[in-house]
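The values are calculated or read from the model by the stated rules, or taken from the named source; none is laboratory data. From a predicted model like this one, the values you see are computed outputs, not experimental measurements. Don't worry about glycine lacking a Cβ; one is built from the backbone with ideal geometry, like all the others, and counts go over all protein chains shown. What goes into the accessible areas is simple: the full protein's heavy atoms, side chains included, and nothing from ligands, DNA or RNA. Shrake-Rupley method; radii C 1.70, N 1.55, O 1.52, S 1.80 Å.
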Amino acid sequence: MTERSVPRIVVVGGGFAGFECARHLVRGARKAGVDVSVTLVSADDYMLYTPLLPEVAGGLLDPRFVAVPLANSLPGVDLVTGRVDGVDLEARSLHLTSRSGETETLGWDRLVLTPGSVTRLFDIPGLADHARGLKTTTEALYLRDQLIGQLELAGRETDSEVIRQRRTVVVVGASYAGAELVSQMRALADEVARQRGFDPTEVRFVLLDTSAQVMPEVGDKLSGKVLDVLRRRGIDVRLETTLESVADDHVVLTDGTTVPTRTVVWVAGVTASPLIETLGLPTEGGRLKVRPDLTVPGRADVFAGGDAAAVPDLTADSGDVTPPTAQHAVRQGKALARNALASIGIGTAKAYRHRNLGLVVDLGPGFAVANPMGVYLSGLPAKAVARAYHLLALPRGVNRWAVGLAYLTDVVAPRSLVSFGLVSDDEARFSASQAIPTPSSNGP
Ligand SMILES: Cc1cc2nc3c(=O)[nH]c(=O)nc-3n(C[C@H](O)[C@H](O)[C@H](O)COP(=O)(O)OP(=O)(O)OC[C@H]3O[C@@H](n4cnc5c(N)ncnc54)[C@H](O)[C@@H]3O)c2cc1C
C-alpha cells in the first residue's frame, strides 16, 4: 500500500463489469465500516445497455433510454470521464485524457481493468472505410439516420442502379447482435415504406456469416426457427459467406457475387479494448489473462474482468474462458469488487464461477427466441420473456420506465421516422466512434 491513509481502488471502464464493480466496492466497504476511496474512470459518463442498441438503430428506442447516467447511479464513487491511455504498473499510476483533451495522472493501490471490447476488424479491403459497427450510441444513431436517409433519397432517384444501392443493407455477422439488428432495421424499413407509400420488398437486406448456422449460441432448434423467421421477412441470409471487399457503392462477397449497397454493417465479433495490448501483460486471444480470482498473474494488485479479460470458465472444459457477454460481465463485476476488497483486508476472495443462464434475443415485431435455463422458447412467449428480462436487467428505474413506455407506445402507434442527422459519416467510423486504430485513421 502507498503512503495514502485511505486505500484507493481505481476502476477503468464504466460498462457492465465496471459499473457493477464500483457499486459493490462502495457497498462492501460501507458494510465493513472501512474507509475506501473508489474512483471510476470511464470514456463515457454513462453505462451503455448494449443489448438494446439494435432497437435504437431500428428507431424503436431513443439513445438516452439505454444510457444509464453514472452521475446519480453510483453514490460514493468518484467519477472521472476520460480515456485511460497508459498504465504504469511499477509506479501504480495511470494516465488519462479527457474528451476536451486535458490530461491527468491518477495513482492507485488496486487497479480494476474493465474497458470492455471493440469490434474485431479483418483485413478486408475497404472494410474500415465503408462499413460501420454497432457498439456505441453514435453508431446506432448513425444506422437509423442512414437507413431513413437512404430510403428517402432512393424515392427521388431516377437511376435504377443507384436506387438499388440505396435500398440495400448488408449486415455481416449472424450471431445475436447481427440477427437483432437486421430484424430491427427491417421493421424500420417496413415502416418507412408504409408511411412513404412504396413496396417494402423493394428494400433488400442481406445477412452474411462465415458459420453454417445463424445464432449457433441458442442451439440447433432455435437457430433453425430464427433462420425461418428471417427468411420469411425477406432477409437474404447467406451462410458460409462473408465480404471479399467493400466499396462506397457495392460489396463483393466471397461467393463471387457483387451486391450494390451504400449501407454495410459489420457486427462479426469483438476483441479486447486496445488499452489491453498497451499493458505489456500476458493475453489470451487478445484478452488479458487472469486467474480464477480475477487477478492478473504475478500482480495481486491488478484485477480484470468483462470482455477485456480471459476469465477461466470453471463450469466448462478446462482451458475454456467465459464468453464476452453482459451476463458474465455483470457477475464478474461483483466478483471483482469482492476480491479487490479482500486484497485490502475486507472479506475473503472467491474464485469466479457462473453457469450460463441462456440468452434472450428480440427479433423485432412479434418474434423472439430465448433459452432461459435450458427452456427453449420462441414467438410471443419468448418476446414477453425478452422484454421483461431487459426491463429488469436495466440498472435504473427511470430507464426501465422510458423503455417500458416505448414498448407500450410501439403497440399502439407507428415508429417515429425521425433522423436528426447529428452523427456524420466520419464520426461513425470505427476509428472515431470506438477509438479503434485502423489503417485509414493512422494515415497511409
Ligand atoms: C449490439 C450488442 C448487443 C448485445 N446483446 C447482448 C445480450 O443480449 N446479452 C448479453 O449477455 N450480452 C450482449 N452483448 C455483449 C455485452 O454488451 C458485453 O459483453 C458487455 O458490454 C461487456 O461488458 P464490459 O463491462 O466488459 O464492457 P462494456 O460494457 O463495453 O464497457 C466498457 C466500458 O469501458 C469504457 N472504456 C473503454 N476503453 C476505455 C479506456 N481506455 N479508458 C476508460 N474507459 C474505457 C467504455 O466507454 C465502456 O464504458 C451485446 C453487445 C452488443 C454490441
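For this structure, a couple of remarks:
- Pick from segment 129-147, criterion away from the ligand (no atom under 14 Å from the Cβ) and open to solvent by less than 20 Å² (accessible area, probe 1.4 Å), ranking: nearest to PHE198 (Cα to Cα): LEU147
- Among the residues making up segment 129-152, those that are among the basic types (Lys, Arg) and either outside the structural domain of VAL206 (by TED's automatic domain parsing) or farther than 17 Å from SER183 by Cβ (or both) are ARG132, LYS135.
- Selection within segment 257-272 - in a strand (DSSP E or B) and closer than 30 Å to LEU113 by Cβ: VAL265, TRP266, VAL270, THR271, ALA272
- Scope segment 305-321; condition within 14 Å of GLY116 (Cβ to Cβ) and assigned to a loop (DSSP other than H, G, I, E, B); matching residues: GLY305, VAL311
- Test: residue in segment 140-161 that is modelled with pLDDT of 95 or more and within 30 Å of ARG23 (Cβ to Cβ): yes
- Search result, residues across segment 17-50 that are closer than 20 Å to THR325 by Cα and of a type in the set (Val, Ile, Thr): THR50
- Condition check for VAL361: farther than 23 Å from ALA43 by Cα and away from the ligand (no atom under 15 Å from the Cβ): no
- Of all residue pairs spaced 6 or more apart or on separate chains, none has beta-carbon atoms under 9 Å together with a first member in segment 265-281 that is buried (at least 19 other Cβ atoms within 10 Å of the Cβ) and a second member that is among the basic types (Lys, Arg) and at pLDDT below 95.
- Strands (runs of 3 or more DSSP E) (entirely within segment 30-102) containing at least 3 residues that are farther than 17 Å from GLY404 by Cα and open to solvent by 40 Å² or more (accessible area, probe 1.4 Å): 78-81, 83-88
- Of the residues contained in segment 125-135, one or more are found to be within 21 Å of ALA17 (Cβ to Cβ) and among the aliphatic types (A, V, I, L, M).
- Any hit, segment 351-368, residues being among the polar types (S, T, N, Q) and over 30 Å from VAL311 (Cβ atoms): no
- Within segment 324-346, the residues that satisfy the criterion of being open to solvent by 30 Å² or more (accessible area, probe 1.4 Å), more than 8 Å from the ligand (Cβ to nearest atom) and in a loop (DSSP other than H, G, I, E, B) are SER343, ILE344, GLY345.
- Filtering segment 247-256 to residues that are part of a loop (DSSP other than H, G, I, E, B) and free of Cβ contacts under 8 Å to residues at least 40 places away in the same chain leaves THR254, ASP255, GLY256.
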